[in-house]
Amino acid sequence: MQTWQPTSAEESGYFWALSDAISIVESKFPSMLVPVRDGELCIFSDYSGQHKGAQFEAYSYLLVTEAEVQAWLPLRDAWRQNYLPDGRRLSFKKLRENSRNRAFLPFLDLCSQLKGNVVTFLVDSRIERIADFDVKAAFPDCFDGAESDFTTEKMFRVAGFLALVLAGLRREDQVSNWVSDHDEALETHERREGLAKLMAYLIFGFAGWRHPADCYFGTTESKYTLDWYEDLSAIPDIFAGAYCKLAATLPFRFRNRSIQILTSEDIAEQDDRASTVGRWLATNDGQLRHVLARLELDEKRDVRATAQFMAGWRKSC
């Protein structure tokens, strides 16, 4: 039985295509994802590539149960004491700082011991909109009218990708808690309220749930966040940053090939932080699972959806 629950809402366009792509890849690699439907669900998200000149944008979501988080925290505490006892946050952008760099590989080993899933969406920056309709007109109660086109699109992507992973991995009656990186899509109380409504509408569209359990959310800058939120949020941050850097190296549209093997030499000229993550993904056989879904332009500039992951040495695959 597959872990990913694909949406049947073909009218959802690119979201349906991404969901279908993930389902196809999982059918070939049944251990690609792990179930996270028992107990309360925790989601941590981060984003990369929103700066000028970036070729790709990444939206990354970590999904793990509360029980698995609690089992992981003692390991996290030991890592903190050994490598970053001063409380500094580990993030992809700051990995070249000496103390953070020393903590990086041990942190990846720590990630291997967390049983959960990271789902990352990579979008070609030449794709300006992923909706073929006026988002504000379609969801008037989700926007106050003051948002720029950029912010409106960002809110739609953040809400849409999160709704897709919840529809794909959560139970309808499963309570969830979402912690997001703080950015313009969640900058004000009004935007956060609007984004919550937008996400609820999209989940109904993707999954057809009429009575979904509550999904509470906040940002990493909230006064109510716990210290370990930062370390769990660092996981999607690192995935998002690395995939943005590796995007040009990873397989582009598979045509008739279902599997492509990359070697260390393929990423030797890449950003050293990204190549470290790539090598870890390619050799890691831990409990943290991952999948990358992409929206990219083909030779005719038509948008295509694909999904892939680095299988590593996982024998069950």
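The values are calculated or read from the model by the stated rules, or taken from the named source; none is laboratory data. Here the structure is a predicted model, which means the values were calculated and not measured. For accessibility, only protein heavy atoms count, side chains too; no ligands or nucleic acids. Shrake-Rupley method; radii C 1.70, N 1.55, O 1.52, S 1.80 Å.
Quick check on the chain: of the DSSP beta bridges with both residues there, what percent are antiparallel, nearest 5%? Spell out each step's value before the answer.
Working: 22 of 40 bridges.
Close to 55 percent.
Kirkwood radius, region 183-229, all distinct C-alpha pairs, inverse of mean reciprocal distance: 12.3 Å.
For the chain, what is the per residue volume of the convex hull drawn over the alpha-carbon atoms, in cubic angstrom? Please list the in-between numbers first.
Working: hull volume 44.1 nm³, N = 317.
Taking the convex hull of the Cα positions in the chain, it is 139 Å³ per residue.
Calculated [222 nm] ellipticity per residue, helices only, for the chain: -12500 deg cm²/dmol; basis is -39500 (n - 2.57) per DSSP H run with n ≥ 4, divided by all residues, nearest 500.
Between the C-alpha center of region 52-128 and that of region 152-207 there is a gap of 21 Å.
Would you mind computing the Rg to Rh ratio of region 109-157 from its alpha-carbon coordinates, Kirkwood style for Rh? Result for region 109-157 is an Rg/Rh of 1.19. Listed by chain and number, the lysines whose alpha-carbon sits under 25 Å from that of LYS94, ignoring those within fewer than 8 places in the same chain, are LYS52, LYS154, LYS223, LYS245.
Please compute the per residue accessible area over the chain with all protein chains in place, 1.4 Å probe, rounded to a whole number of Å².
Values: 14840 Å² over 317 residues.
About 47 Å² of surface per residue is accessible.
Rounded to a whole number, what % of the accessible area of the chain do carbon and sulfur atoms account for, probe 1.4 Å? Mind showing how you got there, number by number?
On the way: 7240 of 14840 Å².
Using a 1.4 Å probe with all protein chains present, the chain comes out at 49 percent carbon and sulfur.
How many percent of all Cα-Cα pairs in region 130-206 sit more than 15 Å apart? Roughly 53 percent, once rounded to a whole number.
Projected area of region 1-141, taken from the Cα convex hull and averaged over every viewing direction, in nm²?
Working: hull surface 47.6 nm².
Directional mean of the projected Cα hull area for region 1-141 stands at 11.9 nm².
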